[in-house]
1. Translational diffusion coefficient of segment 115-229 at 10 °C, 1.306 mPa s, Stokes-Einstein with Kirkwood Rh over Cα pairs, in µm²/s as a whole number.
2. Largest first and to the nearest Å, give the Cα extent of the chain along each principal axis.
3. Enumerate the calculated ³J(HN,Hα) couplings along segment 71-80 in order (Karplus 6.51 cos²θ - 1.76 cosθ + 1.60, θ = phi - 60°), each rounded to whole Hz, writing x wherever the residue is Gly or Pro.
4. With everything on Cα atoms, drop me the angle between helix 232-241 and the longest principal axis of the chain, reported from 0 to 90° to the nearest 10.
5. Can you check what the net charge comes to around Leu199, using other residues whose Cβ is under 10 Å from the Cβ of Leu199 (Lys, Arg +1; Asp, Glu -1)?
6. Evaluate E = 1/(1 + (r/R0)^6) for Asn223 and Lys187, where r is the Cβ-Cβ distance and R0 equals 41 Å; express this FRET efficiency to the nearest 0.05.
7. Between Asn152 and residues 5 or more places away or on another chain, which pairs have amide H atoms under 5 Å apart, with H built 1.01 Å from N, and which residues are they?
8. In square angstrom, what is the accessible area per residue of the chain with a 1.4 angstrom probe?
Amino acid sequence: MSLAGKICLVTGASRGIGRGIALALGTEGATVYITGRTLDPVSNIPGSLSVTAEEINGRGGKAVPIKCDHGNDAEVFELFQKIMMNEGRLDLLVNNALKGVKTIGKYGRTPFWEAPLESWDDVIHVGLRCHYVAAIEAAKIMTPQKSGLIVNVSSAGALFNFFTVPYGVGKAGVDKMAEMGALQLKKHNVAFVSLWPGLVQTEYIVENKETLEKATVNGVRMNVSKAETVEYAGRAIVGLMNDRTIMKKTGKTMMTADLGAEYGFTDIDGRKHGSLRAPKTWLSSRFPWLAALLPSFIKVPWSWIVGAMHHYY
């Protein structure tokens, strides 16, 4: 158990990617504080903190579930005070809380001027601002101890035009937060990175599989059956926690699949996932015969992707 003795906090861990990350950390023996608004199971809502906690404890980790609305600063401040009172340190913060999943799905094809302002507030308040608040509180703990890692869970929507305008703005902000925050934290030996999972088999994605697979994103059709499980991102974060050269990555935005190739881990079902930087990945849905001829290790530089997508005149 490589993370035994480590104190971790994963926000938004009742379900989805947050739950998967918390499980991966618990599997490695970490003490994992998990937050969300659903403490106990509710009949019409999948997942809860108590269920996630049971799974973590069953894998050999120690779960501390705390009901917390990350849109309420007072509750967030109380959360970090409780961690300090109980543990006296914090080794990892994973900023994952996001309120607007259903909002994004509801208004994904609606022009921004026709969508209600709540479509902005739901994504930006709990999904960007709350990450900033949590990062501040984590930095106050980590800088004196001269160690720590902050991970913002982001997505390719920071660069590509996915879903809604607020979604893209929020993810771009999450990446920039990690980049600029890292510059100030580096001298304190605290790393701050942004992580892009690929398409993930969250409860929402699986539930809406048929609808999603009929649509396309940037001309690419989704294939939920080939998506990452919720724990794959967690394995990437375990890798980052065990990386002795983590400060070389601070401020960077990374993809889960690239870390899988670097650290040598697979998904929980043994699958290896293709990087968005790999031509093989992009060609597989449209030209599978051509994709089959390309090795997965061929990847285009980040600069090429950014250059192709940039919006500066």
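The values are calculated or read from the model by the stated rules, or taken from the named source; none is laboratory data. None of these values were measured; they are calculated from a predicted model. We place every Cβ from the backbone using ideal geometry, glycine too, and count neighbours over all the protein chains shown. Areas reflect the complete protein model, heavy atoms only, side chains present, ligands, DNA and RNA absent. Shrake-Rupley method; radii C 1.70, N 1.55, O 1.52, S 1.80 Å.
1. So the translational diffusion coefficient is about 101 µm²/s.
2. Reported extents, whole Å, longest axis first: 56, 44, 43.
3. So the Karplus estimates, Gly and Pro as x, are x, 10, 4, 4, 5, 5, 4, 5, 4, 5 Hz.
4. With both axes taken from Cα atoms, the answer is about 50 degrees.
5. Its environment carries a net charge of 0.
6. Taking R0 as 41 Å, the efficiency between Asn223 and Lys187 is 0.40.
7. The list, which skips near neighbours in sequence, is Asn95, Val193, Ser194, Leu195.
8. Per-residue value: 50 Å².
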